[in-house]
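Here is the structure we will look at, set down as structure tokens.
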Amino acid sequence: MKKSKSLFGLFSLESRMFFSTMCFIFGRMRITRKREDCMSLTWGPGQYQVHVSASPFCLEVLCEEVVIVTLNPKGRLCFETRHDQIRQLISTFYSIFVLIFSSRPVGIDLCLHGFSHVYGLPEHADSLQLKDTSARDPYRLYNLDVFAYEINSRLGLYGSVPLLVAHKPDTTLGVFWLNASETLVDLKYVSKHQEQGERSRVTPQTDVSWVSESGRIDCFILLGPSPAQVFSQYAQLTGYQALPPMFSLGYHQCRWSYEDEEDVKSVDAGFDLHAIPYDVFWLDIDHTEGKRYFTWDSKHFPSPVDLQRHLQTKKRKLVVISDPHFKADPEWPLFCEARDGDHFVRSRDCRVYHGTCWPGDSCYLDFSSSRTRSWYSRQFLLANYKGSTESLFVWNDMNEPSVFSEPEKTMPKDAIHCGGWEHRELHNLYGFFQHLATFEGLLTRSGGLERPFVLSRSFFAGSQRLGAIWTGDSVATWDYLKISIPMLLSLSVTGIHFCGADVGGFWRDPDPELLVRWYQAGALQPFFRGHSDKRSMRREPWLFGDVVTSAVRAAVQQRYCLLPYWYTVFHQAHTSAMPPIRPLWVEFPKETETFTVDNQYMIGSALLVCPVTDPGVTEVKVLLPGSDEVSLLLHYVPVFQRGGTLVPRRGGCSSCTADLQLLPFTLTVALDRKGFADGELYLDDGHSFSYRDKKEFCIRHFTIKAGRLTSRQGLDVCDLFFHQTYVWNVPVTFQFEPKQSMLTITDLDLDIHTDWEIII
């Protein structure tokens, strides 16, 4: 049996680490009390303590002498020891605890004291706040291809992030269970009565139970105590969101499938004709020769380079699909190369594993092997991928992996990977590894100079380092539009920031009202792509009449005007792990009425949005933290700007993100009650790693106070041209003093009496 090893390479697992040596290993910890069967540790100024008992094993984490987390409170720690050694490790690096045991199967209980609101554990089509599972199915983390998935369900979908985030008004903490096998999570919200003299006080508590089919106990407690600190601590473990290329934040047009090159050019021209911006055209599996990836259908796509050059003249990109299965065709040289190079997963009898997917009989690449990942990455080189150009990017689909011929449509758990690992050990990592190999392929193609763009359907903790994901095969109904918002928020609080849902729903046909509302919602979410099933009617926006076309145009143009702000909040995600879209409680952690809201959210710290997700709605109620709930009559999606903030925009319309960069900026200022506002703008070339390698970027910090708007700048590679400044939607006049980086606003006499202002 193979020895267990860390999935992220964080620790050497060959040495035994006992409690008596922990302080020596990590230095920053110190023992405050020690007996034969227990010990207490602390670090830094002593705000936190850890009490560890040996028999039965129990670990308590305290903050200011109050217990906030208990591990194994009921003594039900479950592990089946593989060796005679049990390795134990506790670390406080960045205020994160780690427990590691070599075991199989494994499980542990935790008690989160004082918490009654818990989030995370994607991917499920369920509410943002996780539900009590005492009388229902547990949350299942097991990546599966689920077409038209059930709503309000805890069953596993396409990806898994085993991170749970708990929040109360004064504390946020996280629990990260690093295990890639099938995992079940049970939650129970309880109330505890504590006697205080003659009075009894009721305190909330959340009991959490983790059970994984195999692996080891590798559990990280993220102590926060703020939401931002929890996000940062998690990112230090698994990585920060990749800074996406600017074009990928624009609109993407996709369908399964566009018929041929003329169809692509016709749709491309339709966007220009109807003045709807877009940046990326997508091709599904039918662009290939018989569903052989890295090929082109010679009849329908005979000139792929010319097609890409045609899009390039308009500064647009092409994305093609590349799934993890290869058609088992002994006449196909690439299949033979993969087979002869031992790059396929094997069955338990050590023969190459065969399953069924889109090409029919298929074999599956073993992406757990670094050698196979390198081989796969090389296929994206321009010399190897005939018909590709530097403007072609990639979509990884069906990588849970999807196997039509197997139970639950996925690979058998006893399939064998490189090094003798059973598939059950790393199932939830399979898609992550393909995503990684594709990312590295595009990175190598550019000589490490250009930022890749790769969309993946399957994901795991750390996928944020590699690109974007989406919520899979949804249905064109109002319920799926509504559930997409908490699904995306759950992804966002667990580090998967570049996420979106298929605009219009993947399967079936949306009516015009639903299509418009989905475009309006999608324009206010991180990844913005229209996509549909080949059995659905064509749904290019101009096919539904002038009213729909106009409404869609307005939503997409709004997205493009806000791209400077979107790019800035993605830079914040890249550097500080703050999600671009955030539940209200992240920005307003003490306001308990926000803790269960999952139909509204913040974009960055400045904008509050409330997408319309019900038919026939002409009025919505919006919760504005710090203010009363308001009702609005609308023909659009309400977007509110928070008092005390400044939002950069582009002043005008364009056909794509590249042309947008030629337009001037506009600043929208929402003053607080003291007449103050601040904000920032991040810029770089939008496509390369020069911001990182050569420090070529621009950060402008804006502050407005007493009628003066000042700008402090970081390293500057660009001259900023401001077309207009708006304060509470009122255009004002200003004078710019370049030497002092100061704008002086005149004729400013406003009566500020609200904390929010609707701007769209």
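Listed values for segment 152-162 are Karplus-derived 3J(HN,Hα) couplings in whole Hz (6.51 cos²θ - 1.76 cosθ + 1.60, θ = phi - 60°), namely 6, 10, 9, 6, x, 10, 6, x, 9, 10, x, and x replaces Gly and Pro.
Using the alpha-carbon centroid of each, what span in Å lies between segment 33-62 and segment 631-689? For segment 33-62 versus segment 631-689, the Cα centre distance is 49 Å. Note on residue 357: accessible area approximately 10 square angstrom, rounded to 10, probe 1.4 Å, nucleic acids and ligands left out.
Counting only protein heavy atoms and a 1.4 Å probe, tell me what percentage of the chain's accessible area is made up of carbon and sulfur. That share works out to 52 percent. Below 12 angstrom from the Cβ of residue 601, what's the summed charge of the other residues (Lys, Arg +1; Asp, Glu -1)? Value of the local net charge: -1. Set the Förster distance to 56 Å, then compute FRET efficiency between residue 64 and residue 390 from the Cβ-Cβ distance, nearest 0.05. Step by step, r from the Cβ atoms, then E = 0.50.
Normalising by the residue count of the chain, find the relative contact order in percent from Cα pairs under 8 Å and 6+ residues apart. Computed value for the chain: 11 percent relative contact order. Among the listed pairs 590/705; 590/694; 168/674; 674/694, which have their C-alpha atoms separated by more than 32 angstrom in this model? Where the Cα-Cα span goes over 32 Å, the pairs concerned are 590/694; 674/694. Phi angles across segment 344-356 convert, under the Karplus curve 6.51 cos²θ - 1.76 cosθ + 1.60 with θ = phi - 60°, into 3J(HN,Hα) values of 9, 5, 10, 6, 4, 7, 6, 7, 4, 6, 10, x, 10 Hz, Gly and Pro given as x.
At an R0 of 22 angstrom, the distance between the Cβ atoms of residue 266 and residue 653 translates into a FRET efficiency of 0.50.
Mean residue ellipticity, 222 nm, helices only, the chain: the sum of -39500 (n - 2.57) across DSSP H runs of n ≥ 4, divided by residue count and rounded to 500, is -5500 deg cm²/dmol.
Remind me, relative contact order of segment 334-374 in percent, using alpha carbon pairs under 8 angstrom and six or more residues apart?
Values: 36 pairs, mean separation 12.4, N = 41.
Contact order relative to length: 30 percent.
Between the alpha-carbon centres of segment 145-169 and segment 588-603 there is a gap of 19 Å.
A simple spin-label model places pseudo-atoms 7 Å from Cα toward Cβ; at residue 306 and residue 535 they are separated by 3.6 nm.
Using 0.36 nm times the number of residues separating residue 76 and residue 54, minus their current alpha carbon distance, what extension gain do you get? Mind showing how you got there, number by number?
Details: separation 22, 0.36 × 22 = 7.92 nm, distance 1.33 nm.
That pair, residue 76 and residue 54, stretches by 6.6 nm at full extension.
Compared with the alpha-carbon gap, the fully stretched path from residue 371 to residue 513 is longer by 46.1 nm at 0.36 nm per residue.
Note on residue 31 and residue 627: their simple-model spin labels are 5.8 nm apart, each label 7 Å out from Cα toward Cβ.
How long is the gain from residue 636 to residue 695 if the chain were fully straight, where each residue apart is worth 0.36 nm and the alpha carbon distance is subtracted?
Details: separation 59, 0.36 × 59 = 21.24 nm, distance 4.01 nm.
Result for the pair: 17.2 nm of gain on full extension.
For residue 393, the amide hydrogen comes within under 5 Å of the amide hydrogens of 318, 319, 320, counting only partners 5 or more places away or on other chains and with H modelled in the peptide plane. With both labels modelled 7 Å from their Cα along Cα-to-Cβ, the residue 383 to residue 404 distance reads 3.7 nm.
Of the complete DSSP H runs in the chain, those spanning 20 angstrom or more by Cα along the long axis with a mean Kyte-Doolittle score not below 0.0 are 430-445, 478-493, 546-561. Solvent-accessible area per residue in the chain equals 38 Å², computed with a 1.4 angstrom probe and all protein chains kept. Here the contact order of segment 348-408, divided by its residue count and restricted to Cα pairs under 8 Å and six or more residues apart, works out to 35 percent. Evaluating 6.51 cos²θ - 1.76 cosθ + 1.60 at θ = phi - 60° for every residue in segment 212-224, the Karplus couplings come out as 10, 5, 7, x, 9, 7, 9, 10, 10, 9, 9, 8, x Hz, glycine and proline recorded as x.
The values are calculated or read from the model by the stated rules, or taken from the named source; none is laboratory data. Everything numeric in this text was worked out from a predicted model, so none of it was measured. Glycine gets a Cβ as well: all are built from the backbone with ideal geometry, and neighbour counts include every protein chain shown. Keep in mind that these areas ignore ligands, DNA and RNA; they rest on the heavy atoms of the full protein, side chains included. Shrake-Rupley method; radii C 1.70, N 1.55, O 1.52, S 1.80 Å.
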